[in-house]
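One structure is given here, and the rest of the page talks about it.
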Amino acid sequence: MSFQVFGLRVSRGVAIGRAVLVASSRVDVAHYFVEESQVETEIDRLRAARDAVATELGTLQRDMPAEAPPELSALLDVHLMLLHDETLSGATKHWIRERRYNAEWALSAQLEVLARQFDEMEDEYLRERKADLEQVVERLLRAMARGGSLVPAVRDFAGEDPLVLVANDIAPADMLQFKRSVFTGFITDVGGTTSHTAIVARSLDIPAVVGAREASRLIRQDDWLVIDGDAGIVVVNPSAIVLEEYRFRQRQNELERERLSRLRHTPAVTLDGERVELLVNIEQPADAAAALEAGAVGVGLFRTEFMFMNRVGELPGEDEQFEAYRAVIEAMKGLPVTIRTVDVGADKPLDRMSVNELRHEHALNPAMGLRAIRWSLSEPAMFRQQLRAILRASAFGKVRLLVPMLAHLSEIRLMREALARAKQQLVEAHRPFTEIEIGAMIEVPAAALILPTFLRHFDFISIGTNDLIQYTLAIDRADESVAHLYDPWHPAVLQLIARTIGQARAMGKDVSVCGEMAGDIEFTELLLAMGLRCFSMHPSQIASVKQRVLRADTRRLAQGLPGVLSSEEPAAASVIAFCPSLEGNAVAR
């Protein structure tokens, strides 16, 4: 049966493939593909876990106290029966052999299939047995965790059909593991358009829909799916006619990308001669190659927190960080690299075992809690370690340091003291470094409102529009229940951004935008009109933004800016102010 699921568009384009469901579990489940030579090893791990759980259940039955109710023993019998049922173990082996899923993933995939079958049973008693099945699978997963597993490695194999990932949610660190995988798109039940999971998805340049609510419950394993990333729609089991229409759109999108790719080495200069810098945002050193391929003139934002995530135990040390930063700098071949200090918290938590088990992770509102520079200042040894690594890397190229979420002058003072101490430690250790420019992220309204004071302490600023919007409008951008209120066109947001750009330029300080607005072509003319001449975005967005820049006349755009900023409907006003030809066409129709 064909039907549609609606969500929020976060990455444009069309993806077609079979559904791969990642089931939610109280036990962390690794999802990766294995080599053909490892298939039997994974099946052996599954068998060993089954034997271990059978022994556990047998021991529980044998040692059960005499006063225990007989129903308890009968329940354990049910668990043993489910444990050895061929529909669980046999089908799980099928996922391993045919798809080359690791054992944990195969088990959770089969749990999803069986759980749906239980949900559809008419007999209430049988429906309730789903809980028993989930408990058995959880025991198996825990047994495999105790027994250890192979090192996860995303493999480019999963059978002949393209695949689409479907999950309740996908952590940003997990998204990075899927970066060079076989998935052509993904769908999540939760999330907003600017959650960091969505941001990473855009960096993968694959179509995606988030906030689709019941998607992981409605979609079944191996359903054929079409992701319409432009509309935020998922078509489940489309008809032949619909499928062919979307395949045509896929081909058209590929042709458009090929056409835009020809602009990658064309300088970004407006019609009136204004040179515009188009930089990239990256998450890991390997992203530098894509930045150069896209024609970027530097890295405007290196998000270092992804080095800290998805790790068990110790955080990356100074030498490990230094090597990563140096790798990016050398890969960029002399182009500038802006490195942001670690920005964890909110929707980017660290592993629970790291840093005193992250006390702030349990805060009532993590978006307003101990995150970004606040967290760095609360961990002074870690912060100085990162600063030393960045300073050491500066000896290998042009580096700028960017500090996130500043709001207080006291934070600036403490940050400067930490930087001075890091420099002194390097001098004492005879480690080479160079003097680097220091910048502030403007993403808290308080910082924007006292910007002239802030600018006296920094060489440049970068506007983080994602958080600036969220804090200005009091919207948790990771909460899909209020995602519809997240509005980059809100007059207050636009006025803050325009004011920030204007004041920075008036004081002779460089200013860039590194949030999602920078890569959204709906805002290119508006930001140019405000005076912005430096955009930082995902590599996949550079070509389309460059096309807008090449067609823009900034003097004409600036004339229309006051009308947009004073309008109660800035989005509509911008069409009139910046695209008069479109307005004329609309009137003519």
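Quick one: what Rg and Dmax do you get for segment 184-302 from the alpha carbons, in Å?
Every Cα atom of segment 184-302 included, Rg and Dmax give 17.7, 54 Å.
Using Cα positions and a limit of under 12 Å, work out the aspartates and glutamates in reach of residue 423, with same-chain residues fewer than 8 apart set aside.
Output for residue 423: 435.
Send over a whole-number figure in Å² for the accessible area per residue of segment 452-550, probe 1.4 Å.
Dividing the accessible area of segment 452-550 by its residue count gives 31 Å².
Show me, for segment 281-290, the HN-Hα J-couplings you get by feeding each phi into the Karplus relation (A = 6.51, B = -1.76, C = 1.60, θ = phi - 60°), rounded to Hz, glycine and proline as x.
Computed from phi, the couplings for segment 281-290 are 9, 10, 10, 8, x, 4, 6, 4, 4, 5 Hz.
When the Karplus curve 6.51 cos²θ - 1.76 cosθ + 1.60 is applied with θ = phi - 60°, which whole-Hz ³J(HN,Hα) does each residue of segment 556-563 get, with x for Gly and Pro?
Residue by residue, segment 556-563 yields 5, 4, 4, 5, x, 4, x, x Hz.
With θ taken as phi - 60° and the coefficients 6.51, -1.76 and 1.60, list the Karplus ³J(HN,Hα) couplings across segment 231-243 in order, rounded to whole Hz; mark glycine and proline as x.
9, x, 10, 10, 9, 9, 6, x, 6, 4, 5, 5, 4
Using only alpha carbon pairs under 8 Å that are at least six residues apart, calculate the relative contact order of segment 486-589 and give it in whole percent.
Relative contact order, segment 486-589: 26 percent.
Give me the extension gain from residue 450 to residue 381: residue separation times 0.36 nm, minus the current Cα-Cα distance, reported in nm with one decimal.
21.9 nm
Just to confirm the filter: which GluC sites (Glu not before Pro) across segment 421-475 are DSSP coil and have at most 13 other Cβ within 10 angstrom of their Cβ?
Answer in residue order: 435.
Can you list the aspartates and glutamates whose alpha carbon sits under 17 Å from that of residue 333, skipping same-chain ones fewer than 8 residues off?
In chain and number order, the partners are 277, 287, 293, 323.
If you put +1 on each Lys and Arg Cβ and -1 on each Asp and Glu Cβ, how big is the dipole of segment 369-500 around its Cα centre, in Debye rounded to 20?
About 640 debye.
The values are calculated or read from the model by the stated rules, or taken from the named source; none is laboratory data. Quick caveat, the model's predicted, so the values are computed rather than measured. Methodologically, a virtual Cβ is constructed for each residue, glycine included, from the backbone with ideal geometry; neighbour enumeration extends over all protein chains shown. Just the protein is used for accessible areas: all its heavy atoms, side chains included, with ligands, DNA and RNA removed. Shrake-Rupley method; radii C 1.70, N 1.55, O 1.52, S 1.80 Å.
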